[in-house]
1. For the pair residue 114 and residue 75, how long in nm is the line joining their label points, each one 7 Å along Cα→Cβ?
2. Summing Lys, Arg as +1 and Asp, Glu as -1, what charge do residues with Cβ under 12 Å from the Cβ of residue 72 carry, residue 72 excluded?
3. Please list, ordered by chain and number, the residues whose modelled amide H lies under 5 Å from the amide H of residue 61; skip anything fewer than 5 residues away on the same chain.
4. Could you check the simple spin-label distance between residue 66 and residue 11, using points 7 Å along Cα→Cβ, in nm with one decimal?
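What follows is calculated from the coordinates using simple rules that are stated; it is not laboratory data. Just so you know, these numbers come straight off a predicted model, no measurement behind them. Heads up, the Cβs are rebuilt from the backbone with ideal geometry, glycines too, and the neighbour counts pull from every protein chain shown.
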Amino acid sequence: GPGGGAPLENANPLIYRRSGERPVTAREEDDELPDIIDDREIFDLIRSINDPEHPLTLEELNVVEQVRVKVNDAESTVAVEFTPTIPHCSMATLIGLSIKVKLIRSLPERFKLDVHITPGTHVSEHA
């Protein structure tokens, strides 16, 4: 982690089991069909992002969960709610930014992204 000996904000986070890799479907293999982007595909993109403070992924810390990812392919919208590990997490902005950057780089430009903190879980969610 960062030098300077600053104590971690959340030194002993709970670690959650990771879901398995998703099997690729025949539809996705078929190049003729338009690739419909779904919640799971977005979750797969962001689950492996590392937490800024820990050598753990956002999925392992339960910061991101598939149930909090909402995709509307027809309307080209993606909404992701994330839950910081602790209420006063100064890393929340950084985590949100990490998620957004990953999605911007991974998705077609037509998508509008909404990345926000799960309501009621963070002190500065309205910042």
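1. About 0.7 nm separates the two model spin labels.
2. Details: positive: 70, 110, 112; negative: 38, 39, 73, 75, 114.
Here the count lands on -2.
3. 16
4. 3.6 nm
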